[in-house]
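Heads up, the thing below is written out as C-alpha cells.
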Amino acid sequence: MLTTSENRVESGAKVLESYLGGKWQAGVGQGAALVNPTTGDTIARASSKGLDLSAALGYSRNVGGPELRKLSYSQRAELLGKIADALAARREEWFEIARRNSGNTKADAMIDVDGSIGTLKYFAKIGGKLGDAHLLRVGSPMRLARDQTFQGLHVGVPLDGVAVHINAFNFPAWGLWEKAAISLLAGVPVLSKPATSTAWLAQEMVSAVIAANILPLGALSLLCGSPNDLLDHLQLGDVVAFTGSADTGESIRQHPRVRQQNIRVNIEADSLNAALLGPDAAPDSAIFGLFAREVVREMTLKAGQKCTAIRRVLVPDYHEQAAIDAISALLKMTVVGDPANALVSMGPVVNMAQRKSIAEGVARLKTRADVAYEPGDFALLDADAGRGAFVAPMLLRAREKSNDDVIHEIEVFGPVATVVSYRDKAEAFAMAGRGGGSLAASIFSADTAFLAEAAVALGTTHGRLLLVDPTIGDSHTGHGIVLPSLLHGGPGRAGGGEELGGLHGLWFYHQRVAMQGSATTLSAIVAQAADPAAE
Ligand code: NAP
C-alpha cells in the first residue's frame, strides 16, 4: 500500500462496494478517501462512478417492493427484530469501526450503534401490534350522507416505489436504521446512501444483514460514494428522506426531477438548538447544576457533531457569569485525544475539512462574541495535532444583544456553544425563536408554570422540547437524544420534516386515500387495515 508522510494509507484499506440490484458492485476509479480522523490515515475508499442507478432503483421497485408487501406489518416487524439481533451480535466490531472512521469514543459510538439497534427493536415491537394487516386506516368508517350505508374512511396504502434515504456523516448507523426500520415496516424497499466520509460502518452493517439472509431480495440496497444521477431516476411512488446540511437539502428539494414528479421529500437539516435556564434557577440550585452538565455533555458528545446539540445557551443576565463559570469548570475536565484511550472523553471531528469549517464558523461567531472559555494549554492524549482533526471545546459569550444575528444563524458543527443573556422571559422566548426553526430546545427550571409557558412559547419554532425540572434531573434521556417513540424534525431551517414518532412515521411511506363507498365495501377494506393510532 502507498505510504507517504503526507497521505498515509493503512495497509488493507478497504474498497467499499455498493449493494445494488441484489449484488455487491464496485464503482470505477479510486473514488473518495475515508480517513481515520485521529491519524489522518486513509482507511477505505468509495466510488460509485459507473454504477447503473436507474437499474438499481428499478430492481428495488420491481423485486423488493412486491416481496416486502406480500408480508403483513407484523411479519415485517419480525424481520426488524432479526436485523436488530444480527447487529447486536457484532456491537464491538461496530464500535471499532466508529472509532476508526468517525473518531468516536465508546460513549459516542453507543449513541449511534445502540441507538440504531434500539430503534429497530422498538419498531419490531410496536409494528407487531399491527398484526396481519396490509393497509393502515384512520379510525372507523363514518357516515357521509343521509343514507347510512354511504360511508367514508381514510386509508393508507403502502407506496409502490422505493425509499431513497440520504444520510449525514455524523450518524452512519442510526441514520441508516432509523429510516430503514420504518420504511421496511411500511413495506417500502430502501436504497440507502450514507455520507461518503463515514460510510464504512453503514456498509459493514448492511453487509452483515444481507449475509444473514433476513430480508427479501431487493428490500435493502446501499449506495457508497457520490449520489451521481440517483435523483434523476425517481418516479411516482418513490420518496426521499434526507438528513444533512440545509444547503444540500435545498438542492434536493429544487432538483428538477423531484419538482417535476412532485416526489415526496422529508428534510432533516441543521439547527441552532438552544438550552434555556429559567429565571428562577439560582447558581447553588440543583437545576443550575443539571443545566451546566447538559450543556457540556451536548458540546462534547461526538465532539459536538450532533444535529440536535446545544449551540446557544440562554441564561438570565444576572446569572450569566455564574453560568459561564459552571460550564467552564466542567469543560476543563474534558480530555481530548485518541478515542482508543479510555481516559479520552472527546475524540476528533470527522476530518480536516470539518475542522476547517469549525474554525471558519468560530471566526464568524467571534465578530459578535468573545471567548468565555477555551483550554489554556490544548494538549492531546495519545494523538498528534498535526495529523488528527482535533478541536478544543470552546464557550463564547455574545457581546451585544442588539447586534448578535450571527449567533443565531451560524451552526458550528463542533464542540462550540455561545452564551447569550436575556433580560426577561419574553426576551428569552424571542431569542430561542431566532434560530429560525430548530430541532430541539431544553428548558431548565424548578418552576412548573414557567416550563409550561416556555413550552407553548417555543412550540411554533421547535420540533421537540425537553422540559427539565429537578424531579427528572437524572432520569431524562438528554437534550440531544432522539427517541423512536417521539417525532424528530423541526420547522424552518431545521428542514420542516418529521421522522419517527412511533407508528405515526409510517404515514410518510403510505398514500393516504379518502375512500367512499357502501358500508359493506368499506368493511372489506377495514378487514385488511390496522389503525396505528389505536395500537
Ligand atoms: P451534507 O454535506 O449535506 O451531506 C449529507 C448527505 O447528502 C451525504 O450523504 C451527501 O453525500 C449527500 N449529498 C451531497 N450532495 C448531494 C446532492 N446534490 N444530492 C443528493 N445527495 C447529496 O451534510 P453532512 O456534512 O454529511 O452532515 C452535516 C450536516 O447535517 C449538519 O449541518 C447537521 O446539522 C446536519 N444534520 C442534521 C440532522 C437532522 O436530523 N436534522 C442529523 C444529522 C446531521 P456525500 O457524503 O457523498 O457528499
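The values are calculated or read from the model by the stated rules, or taken from the named source; none is laboratory data. Here the structure is a predicted model, which means the values were calculated and not measured. No Cβ is skipped: glycine too gets one built from the backbone with ideal geometry, and neighbour counts run over all protein chains shown. Note: areas computed on protein heavy atoms with side chains; ligands, DNA, RNA excluded. Shrake-Rupley method; radii C 1.70, N 1.55, O 1.52, S 1.80 Å.
In table form, for the structure just shown:
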{"read-out": "Cα Rg over Rh - the chain, Kirkwood", "value": "0.99"}
{"read-out": "Dipole moment magnitude, nearest 20 debye, the chain about Cα centre, only Lys, Arg, Asp, Glu C-beta charged", "value": "1260 debye"}
{"read-out": "Where Cys307, Cys224 fall by accessible area, highest first, once all protein chains stay in place (1.4 Å)", "value": "Cys307, Cys224"}
{"read-out": "Enclosed volume per residue, in Å³, of the convex hull spanned by Cα atoms of the range 111-174", "value": "142 Å³"}
{"read-out": "Mean projected area in nm² (Cα convex hull; one quarter of hull surface) for the range 324-379", "value": "4.7 nm²"}
{"read-out": "Estimated D of the range 285-417 in µm² per second, where Rh is the Kirkwood radius over Cα pairs and Stokes-Einstein applies at 25 °C, 0.890 mPa s", "value": "162 µm²/s"}
{"read-out": "Ordering of 72-79, 97-104, 476-483 by burial proxy (mean other Cβ atoms within 10 Å per residue, highest first)", "value": "97-104, 72-79, 476-483"}
{"read-out": "Two-decimal Rg/Rh across the range 278-329, once Rg and the Kirkwood Rh are taken from alpha-carbon atoms", "value": "0.98"}
{"read-out": "Given charges at Cβ of Lys, Arg, Asp, Glu: the chain dipole, positive-most of Gly175, Ala369, Val416", "value": "Gly175"}
{"read-out": "Cα point-scatterer Debye curve for the range 26-136, base-10 log of I(q)/I(0) at q = 0.21, 0.23, 0.24 Å⁻¹", "value": "-1.05, -1.08, -1.10"}
{"read-out": "10 Å-binned pair-distance histogram of the range 295-366 (Cα, whole percent)", "value": "17, 43, 33, 7, 0"}
{"read-out": "log₁₀ of I(q)/I(0) at q = 0.13, 0.20, 0.22, 0.28 Å⁻¹ - the range 136-208, Debye sum with one point per alpha carbon", "value": "-0.53, -0.82, -0.92, -1.19"}
{"read-out": "Gain on full stretching of the segment that runs from Asp147 to Ser207 - 0.36 nm per residue minus C-alpha separation", "value": "15.9 nm"}
{"read-out": "Ranked order, Phe123, Phe413 - accessible area, probe 1.4 Å, largest first", "value": "Phe413, Phe123"}
{"read-out": "The range 377-524: radius of gyration over Cα atoms, expressed as a fraction of 2.2 N^0.38 Å", "value": "1.45"}
{"read-out": "Paired Rg and Dmax values of the range 437-495, which use every Cα atom, in angstrom", "value": "11.6, 33"}
{"read-out": "Most to least packed among 487-493, 65-71 [average Cβ atoms within 10 Å]", "value": "487-493, 65-71"}
{"read-out": "Taking the C-alpha atoms of the range 67-194, convex hull volume expressed per residue in Å³", "value": "122 Å³"}
{"read-out": "Among 13-20, 338-345, 157-164, 372-379, the order from most to least packed when residues are scored by Cβ within 10 Å on average", "value": "157-164, 13-20, 338-345, 372-379"}
{"read-out": "Helix-only mean residue ellipticity at 222 nm for the chain, each DSSP H run of n ≥ 4 adding -39500 (n - 2.57), per residue, nearest 500", "value": "-10000 deg cm²/dmol"}
{"read-out": "Kyte-Doolittle at least -0.5, axis length at least 24 Å by Cα - qualifying DSSP helices, the chain", "value": "106-128"}
{"read-out": "Amide H contacts under 5 Å for Ile166, placed H, 5+ residues apart", "value": "Lys193, Ala241, Phe242, Thr243"}
{"read-out": "Per-residue SASA entry for Ile214, accessible area with 1.4 Å probe, Å² rounded to 10", "value": "30 Å²"}
{"read-out": "Bins of 10 Å from zero: percent of alpha-carbon pairs in the range 194-243", "value": "20, 45, 33, 1"}
{"read-out": "Average accessible area per residue (Å²) across the chain - probe 1.4 Å, nucleic acids and ligands excluded", "value": "39 Å²"}
{"read-out": "Whole-percent carbon and sulfur share, accessible surface of the chain, 1.4 Å", "value": "53 percent"}
